[in-house]
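Written below as structure tokens is the structure these notes are about.
The values are calculated or read from the model by the stated rules, or taken from the named source; none is laboratory data. Note that the structure is predicted; figures quoted are calculated from it, not measured. Here the Cβ is made from the backbone with ideal geometry for all residues, glycine too, and neighbour counts use every protein chain on show. When the accessible area is computed, the model is the full protein with side chains, heavy atoms only, and any ligands, DNA or RNA have been set aside. Shrake-Rupley method; radii C 1.70, N 1.55, O 1.52, S 1.80 Å.
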Amino acid sequence: MKTDYSSKATNEEIKERFDNDVERFSNLNTGQQTTLDAPLTMELCTDAAKHVVPNAKELLDIGCGAGNYTLKMLTKIPNLNCTLNDLSLPMLERAKERISTQTSGTVTTIQLDMKELDLPAEKYDIILAAATLHHLRTDEDWELVFTKFYKSLKPGGCLWISDLITHDTEPLNTLFQKKYGNYLESLGGPEYRQKVFDYIEYEDTPRSINFQLNLMQKVGFKDTEVLHKNLCFAAFGGVK
């Protein structure tokens, strides 16, 4: 039976929210407050990329926001050519402004839904995708995007994801949602917790780590690894 996603936010609605939230996403030190362990997962993903492809030249940042992950990556491997993708033009403009001062490489921006990207074959050494894949809806969407990523990586290249996840065991979804709710309430009270849960319910359709790692293997990734997991957030990826 097919899942009905008609009640979920459209790309245009998601784009509008991010268009109006550039400043919050421009904080390199804290990342996103609602994302558990955001600074740690940024560090882990970029460290993993550096150690897998130490001589990388080409970086693709999917759903780049204001550019935090690419900026962190440039502290590990300098002067990369950086391709930045996002739905939001204000986010892309801020990302390019920030990143252009930190690399002597080229900085290219692509304002497009990730499902519509026409990526060149075997171009990128590193793909980073932080807090963005949870906007994908159907199984077909997920497989399409992971296939695009795989084909666009050079042999030996790597994909690292940091994102909201769900769980295949339903009691764990209940447990971790409760614990995450307690965390949100500690930040801003019950109203803040409900606000975050409401926009997750409206905008997001996360999948489990198992689903994503299995899909990565299906489309061809040689190795897959989990770097970190805390409740309903995780960092993981794979090598072509």
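The table for this structure:
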{"item": "Conditions (1) under 29 Å from Gly220 (Cα atoms); (2) open to solvent by less than 10 Å² (accessible area, probe 1.4 Å); number of the one not met by Leu164", "result": "(2)"}
{"item": "Pairs, first in contact (Cβ under 8 Å) with a residue 60 or more places away in the chain in the stretch 92-110, second in a helix (DSSP H, G or I) and open to solvent by less than 50 Å² (accessible area, probe 1.4 Å), C-beta under 9 Å, six or more apart", "result": "Arg94/Phe25; Arg94/Ser26; Arg98/Ser26; Arg98/Asn68; Arg98/Thr70; Arg98/Leu71"}
{"item": "Single residue of the stretch 87-121 satisfying the filter (closer than 22 Å to Val52 by Cα and in contact with a Ser or Thr (Cβ under 7 Å, 6 or more places away or on another chain)) that is surrounded by the most Cβ atoms within 10 Å (Cβ to Cβ)", "result": "Leu119"}
{"item": "Residues located in the stretch 181-235, provided they are out of contact with any helix residue (DSSP H, G or I) (no Cβ under 8 Å at 6 or more places or on another chain), closer than 17 Å to Asp168 by Cα and among the hydrophobic types (A, V, I, L, M, F, W, C)", "result": "Ile209, Leu213"}
{"item": "Number of positions in the stretch 183-201 that are open to solvent by less than 30 Å² (accessible area, probe 1.4 Å) and small (Gly, Ala, Ser)", "result": "1"}
{"item": "Identity of the residue in the stretch 202-217, at pLDDT below 90 and assigned to a helix (DSSP H, G or I), that ends up most open to solvent (accessible area, probe 1.4 Å)", "result": "Tyr202"}
{"item": "First in the stretch 135-156 and without any contact (Cβ under 8 Å) to a residue 40 or more places away in the chain and polar (S, T, N, Q), second anywhere and in a helix (DSSP H, G or I) and open to solvent by less than 30 Å² (accessible area, probe 1.4 Å), Cβ under 8 Å, 6 or more apart", "result": "none"}
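Matching residues to (1) of a type in the set (A, V, I, L, M, F, W, C); (2) surrounded by fewer than 21 Cβ atoms within 10 Å (Cβ to Cβ):
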site: Pro39; (1), (2): no, yes
site: Val53; (1), (2): yes, no
site: Asp61; (1), (2): no, no
site: Gly65; (1), (2): no, no
site: Lys72; (1), (2): no, yes
site: Thr75; (1), (2): no, yes
site: Asn81; (1), (2): no, yes
site: Asn85; (1), (2): no, no
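For every residue, the table says whether it meets (1) under 17 Å from Leu215 (Cα atoms); (2) open to solvent by 50 Å² or more (accessible area, probe 1.4 Å); (3) in a helix (DSSP H, G or I).
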| position | (1), (2), (3) |
| --- | --- |
| Glu140 | yes, yes, yes |
| Glu143 | yes, yes, yes |
| Phe146 | yes, no, yes |
| Pro155 | no, yes, no |
| Leu159 | yes, no, no |
| Pro171 | no, yes, yes |
| Thr174 | no, yes, yes |
| Gly181 | no, no, yes |
